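The values are calculated or read from the model by the stated rules, or taken from the named source; none is laboratory data. Since we're looking at a predicted model, the values are computed, not measured. Don't worry about glycine lacking a Cβ; one is built from the backbone with ideal geometry, like all the others, and counts go over all protein chains shown. When the accessible area is computed, the model is the full protein with side chains, heavy atoms only, and any ligands, DNA or RNA have been set aside. Shrake-Rupley method; radii C 1.70, N 1.55, O 1.52, S 1.80 Å.
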Amino acid sequence: MPHPTTNDYLDEYDRELDEIVAACDGDVRSALRALLLVNEQLERILNCLNAELIEHVSRHRRKTLH
């Protein structure tokens, strides 16, 4: 199976962006605001998962050292 090219990814991004802008009644500024808010939420989730992972690794290391 051939690997997707960069243009394939860009075409998909363009389609998704068109959908997001359409969902915001054509208002590009609102679409950008929505994307920024979603990105913030994803960053918070990623930070929480990272903190949990660090805690898990720390607990595991303490158990193996005893």
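Selection of first residues in region 1-20 that are open to solvent by 100 Å² or more (accessible area, probe 1.4 Å) and of second residues that are of a type outside the set (Val, Ile, Thr), restricted to Cβ pairs under 6 Å at least 6 apart or on distinct chains, gives an empty result. In region 28-51, the residues that are on the phi < 0 side of the Ramachandran plot reach residues that are surrounded by 10 or more Cβ atoms within 10 Å (Cβ to Cβ) and outside any helix (DSSP H, G or I) with C-beta atoms within less than 7 angstrom, at least six apart or across chains, in these pairs: Ser30/Cys24; Ala31/Cys24; Ala34/Cys24. Based on what the data block shows, is Leu42 at pLDDT 95 or above and assigned to a helix (DSSP H, G or I)? So Leu42 fits the description; yes. Scanning region 23-40 for residues that are exposed (fewer than 11 other Cβ atoms within 10 Å of the Cβ) and over 15 Å from the mean Cα position of the chain (by Cα) gives Asp25, Gly26, Arg29.
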